[in-house]
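The values are calculated or read from the model by the stated rules, or taken from the named source; none is laboratory data. Computed from a predicted model, the values in this text were never measured in an experiment. Quick reminder, even Gly has a Cβ in these numbers, built from the backbone with ideal geometry, and neighbours come from all protein chains shown. We work out accessible area using only protein heavy atoms, side chains counted, and drop any ligands, DNA or RNA first. Shrake-Rupley method; radii C 1.70, N 1.55, O 1.52, S 1.80 Å.
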Amino acid sequence: MKTSITEVLKTLLRRNLKKLRVEIESYTKEENLWRTTDHIDNSAGNLCLHLVGNLNTYIGAEFGKTGYIRQREQEFFLKNTPRATLLSMIDETISVVENSLDVLTTNDLQKEYPRLLSGEKPSTELFLVHVTTHLTYHLGQINYHRRLLDR
């Protein structure tokens, strides 16, 4: 049985958002979610806010018509959002992503995505792969942040 690219992307996004949840839960001291150093500019908390904003914008608002309005600057400037709030935001994002991707057809994936990626409008399929790898990239950063700064 062949699995559709949409199902593959849903599986990867769900898996990595659950891993994001585990990373945020794994900080022994909640305040360390917001630590930075001279060489680490983005805290895990800010990266979490960034990932939630990114997925709610590019998947939720675009396909799920959620009405989400991104405040990207706040993703990097807000500090000390409670861990419980971050976890709730991750859980909500999992639902939004799954529900939003459920409405896509194979034909929709071949359509041009309405936003630019590297100066071009990619197919929706390519853009969704890009968003998925973006999540993975920052998830790795959060993992290293936790292991380096949560001591």
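Within the range 30-54, the set of residues being open to solvent by less than 10 Å² (accessible area, probe 1.4 Å), in contact with a Leu (Cβ under 7 Å, 6 or more places away or on another chain) and under 21 Å from residue 14 (Cβ atoms) comprises 44, 48, 51. Would you check if there is a residue in the range 129-136 being open to solvent by less than 20 Å² (accessible area, probe 1.4 Å), assigned to a helix (DSSP H, G or I) and in contact with an Asp or Glu (Cβ under 8 Å, 6 or more places away or on another chain)? Scanning the range 129-136 turns up no residue that is open to solvent by less than 20 Å² (accessible area, probe 1.4 Å), assigned to a helix (DSSP H, G or I) and in contact with an Asp or Glu (Cβ under 8 Å, 6 or more places away or on another chain). The number of residues in the range 76-98 that are on the phi < 0 side of the Ramachandran plot and exposed (fewer than 15 other Cβ atoms within 10 Å of the Cβ) comes to 10. Could you tell me whether the range 92-99 includes any residue that is farther than 30 Å from residue 2 by Cα and aliphatic (A, V, I, L, M)? Taking every residue of the range 92-99 in turn, none turns out to be farther than 30 Å from residue 2 by Cα and aliphatic (A, V, I, L, M). Among what's in the range 141-151 and is assigned to a helix (DSSP H, G or I) and farther than 18 Å from residue 75 by Cβ, pick the residue that is least open to solvent (accessible area, probe 1.4 Å). Out of the qualifying residues, it is 149.
Per the conditions (1) crowded, with 17+ Cβ neighbours inside 10 Å; (2) in a helix (DSSP H, G or I); (3) touching a helix residue (DSSP H, G or I) at 6+ places or on another chain (Cβ under 7 Å), the sole criterion not satisfied by residue 104 is (2). Against the test of being in contact (Cβ under 8 Å) with a residue 12 or more places away in the chain, under 22 Å from residue 115 (Cα atoms) and of a type outside the set (Ser, Thr, Tyr), the options 30, 75, 25 yield a single qualifying residue, 75.
Contact map, the range 125-151: first residue within 17 Å of residue 53 (Cβ to Cβ) and touching a residue at least 24 places away in the same chain (Cβ under 8 Å), second residue in a helix (DSSP H, G or I) and among the small types (Gly, Ala, Ser), Cβ cut-off under 7 Å, separation 6 or more or different chains; pairs are 142/44. Residues of the range 128-145 that are over 10 Å from the mean Cα position of the chain (by Cα), of a type in the set (Val, Ile, Thr) and over 19 Å from residue 35 (Cα atoms): 129 alone. The listed residues are 24, 90, 40, 94, and the only one of them that is of a type in the set (A, V, I, L, M, F, W, C) and part of a loop (DSSP other than H, G, I, E, B) turns out to be 40. Scanning the range 60-112 for residues that are among the polar types (S, T, N, Q) and under 23 Å from residue 15 (Cβ atoms) yields 66, 85, 88, 93, 95, 99, 100, 106.
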